[in-house]
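Working notes for the structure below.
Values in this text are rule-based calculations from the coordinates and carry no lab data. These numbers were taken from a predicted model, which means no experiment stands behind them. Neighbour counts are summed over all protein chains in view; Cβ atoms, including those assigned to glycine, are modelled from backbone coordinates with ideal geometry.
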DNA sequence: CCAACCTTGACACGCTTCTGATAAGGTTGT
DNA sequence: ACAACCTTATCAGAAGCGTGTCAAGGTTGG
């Protein structure tokens with residue numbers, strides 16, 4: 001027995017079958033499929049399901065938030081934009097006069113945000 | 001005029017005053033306060049508010065999700081746990097026999113998840 | 001002192017997330 | 001062939017997000 005079907009996986013991970021499909025929709029854990037379309041959960045998937053539960057419970061986060069973290073890893077433009085937004089601390093670098101600060105910051109963000117680069 | 005009150009800030013950023021308080025609750029932009037408690041938005045905050053709007057719209061993300069990104073930056077334990085969860089790809093490292101894989105992974109996660117370290 | 005602002009707290013409403021349940025139909029093993 | 005499983009799709013309800021609005025009260029500047 002090397003891979004479990006959805007209800008078996010549900011029993012051994014503490015999720016419900018319904019939620020396993022939902023977790024899959026959220027893009028977090030996508031089990032392989034048998035030729036007839038049955039989901040097949042291997043040891044790695046099972047383990048990830050268990051630790052995902054711990055993660056959600058311990059830190060009180062939702063699937064959407066972990067899904068967002070996943071998106072941050074896949075979408076370079078998004079990650080760059082978010083990184084940049086956080087990097088722009090409310091403190092202007094020495095050498096930039098106050099009057100120019102706003103325009104300077106705006107240009108910087110504009111450059112990053114404008115290109116509508118579709119990240120497949 | 002170096003800092004704006006909440007309604008002035010709302011007018012120049014496109015947010016509503018209500019939403020500025022909400023954004024603050026989400027832990028994203030915390031303006032300084034006057035001695036009597038009025039919120040004071042300086043140029044940097046105003047700029048961050050504007051770019052935050054662009055970020056949300058361009059990538060269709062919610063405040064909670066950016067709030068989660070903020071939390072990821074502040075809470076070391078959370079970030080480590082999330083990083084670790086994503087790093088555990090469904091592929092076992094060479095040299096670990098299949099039978100030990102589950103336990104190995106479990107221990108690894110357990111170590112990371114167990115310590116209830118309060119991150120102020 | 002009075003208008004015009006600010007504060008926090010709360011109610012409300014529409015939309016999404018999370019979760020279970022149920023239905024209609026395909027697969028599997030004995 | 002039949003029970004027991006799987007699939008997708010849908011309804012439904014509790015909880016949370018995003019937003020406006022209102023209430024009761026403090027601050028500010030003529």
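A few notes on this one:
- Close contacts from the range A:1-19, counting a first residue that is more than 10 Å from residue A:39 (Cα to Cα) and a second that is not in a helix (DSSP H, G or I), with Cβ to Cβ under 7 Å and a gap of 6+ residues or different chains, come to A:2/A:42; A:10/A:16; A:12/A:4.
- Criterion violated by residue B:53 - all others in (1) more than 12 Å from residue B:6 (Cα to Cα); (2) part of a helix (DSSP H, G or I); (3) at the interface with another protein chain (Cβ under 8 Å from one of its Cβ atoms) satisfied: (3)
- Members of the range B:1-45 found to be at the interface with chain A (Cβ under 10 Å from one of its Cβ atoms), more than 12 Å from DNA strand C (Cβ to nearest atom) and closer than 25 Å to residue B:72 by Cβ, listed by number: B:28, B:29, B:44, B:45
- Top-ranked residue of the range B:5-25 - restricted to ones that are surrounded by 18 or more Cβ atoms within 10 Å (Cβ to Cβ) and within 11 Å of DNA strand D (Cβ to nearest atom), ranked as farthest from residue B:63 (Cα to Cα): B:10
- Enumeration of residues in the range A:32-61 that are under 30 Å from residue B:71 (Cα atoms) and touching a residue at least 24 places away in the same chain (Cβ under 8 Å): A:45, A:46, A:49, A:50, A:52, A:53
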